[in-house]
Amino acid sequence: MNAEILNTVEVLTNKIRAKEEEANKLKKLVNELCIEAEIEIRYPDISELGNTLSAIRSDQFYGQTLTAAIRNYLERRKASGLGAASVTEIFLAIKEGGYKFETNSDENAKISVGNALRKTSSIFHRLPNGHYGLLVWYPSAKAQPESPAPTKAKRRRNSTANLRSAEREPDASKKNGDNFVTQKEIRDVILSRQGEFRSSDIEAAVKAKFPSKGIPKTKIASVLFILKKDKGILREVSARSGKKGAVYSKV
């Protein structure tokens, strides 16, 4: 009788483990979609990589540099019998392990992880499937030359050229017969603002000024970014926090 009970317990345990792994995969997918949508991830405390790495402490990577945190995490994967990982997997793992990013945006934090992996090719190696491991794991692999980051002046010239091009050329949607606000119209609304404001304030002002026109989803954010980063006309008073957008003001 005891043997039958133990066998039943083992079978059910295996079924539970399979269900937990399936649930973790779905939760991981939801987290990735949240990051793409630039909203707070729904399952910050799940073990994204199964039981083998569940021992990562909440302060495992706290106080480390980004490069050190990524390297240490990949070394833990290797010790657990796992290999290379995607940028999203690495980002979620070091965040769960207490690494402190310099941004409140998960999307921007994920981008910084990708930049660190790409630029530090003497330590990290990108596989053909897009995953990253440590270069020392692959004796026959060679470090890729690190392309220099574009200078600030070059980034400004490119962004300014894009803005001017967008202002000169009508929206593609307008060519198709739809009536949408242009980047120039949004910029004029922003520049007429006094005091501090959020993206939602600009959206409300644009709707009030152009009630018959639609607003493309990302256009206001794009204009705010260009005016802040490249034009130097706006400054960010406080960063985005949760569902609350960043606060801006004119310089």
### Task
Pick out the one residue from P139, P211, P170, P128 that is farther than 30 Å from S86 by Cα and at pLDDT 60 or above.
P211
### Query
Looking only at the stretch 76-90, which residues are without any contact (Cβ under 8 Å) to a residue 40 or more places away in the chain and either buried (at least 20 other Cβ atoms within 10 Å of the Cβ) or not in a helix (DSSP H, G or I) (or both)?
R77, S80, G81, L82
### Message
Could you list, ordered by first residue, the pairs with Cβ atoms under 7 Å in which the first is in the stretch 109-120 and assigned by TED's automatic domain parsing to the domain that holds C34 and the second is in a loop (DSSP other than H, G, I, E, B) and of a type in the set (F, W, Y), at least 6 apart or interchain?
### Response
A109/F101; S112/F101
### Message
Considering only residues that are under 24 Å from the mean Cα position of the chain (by Cα) and acidic (D, E), which ones fall in the stretch 193-232?
### Response
E203, D230
### Summary
Of the conditions (1) in contact (Cβ under 8 Å) with a residue 60 or more places away in the chain; (2) surrounded by 15 or more Cβ atoms within 10 Å (Cβ to Cβ), the single one that T103 does not satisfy is (2)
### Query
Which ones in the stretch 220-240 are in contact with a strand residue (DSSP E or B) (Cβ under 8 Å, 6 or more places away or on another chain), in contact (Cβ under 8 Å) with a residue 24 or more places away in the chain and under 24 Å from E40 (Cβ atoms)?
L224, V237
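The values are calculated or read from the model by the stated rules, or taken from the named source; none is laboratory data. The structure presented is a predicted model; accordingly, all values stated were derived computationally and were not measured. We place every Cβ from the backbone using ideal geometry, glycine too, and count neighbours over all the protein chains shown.
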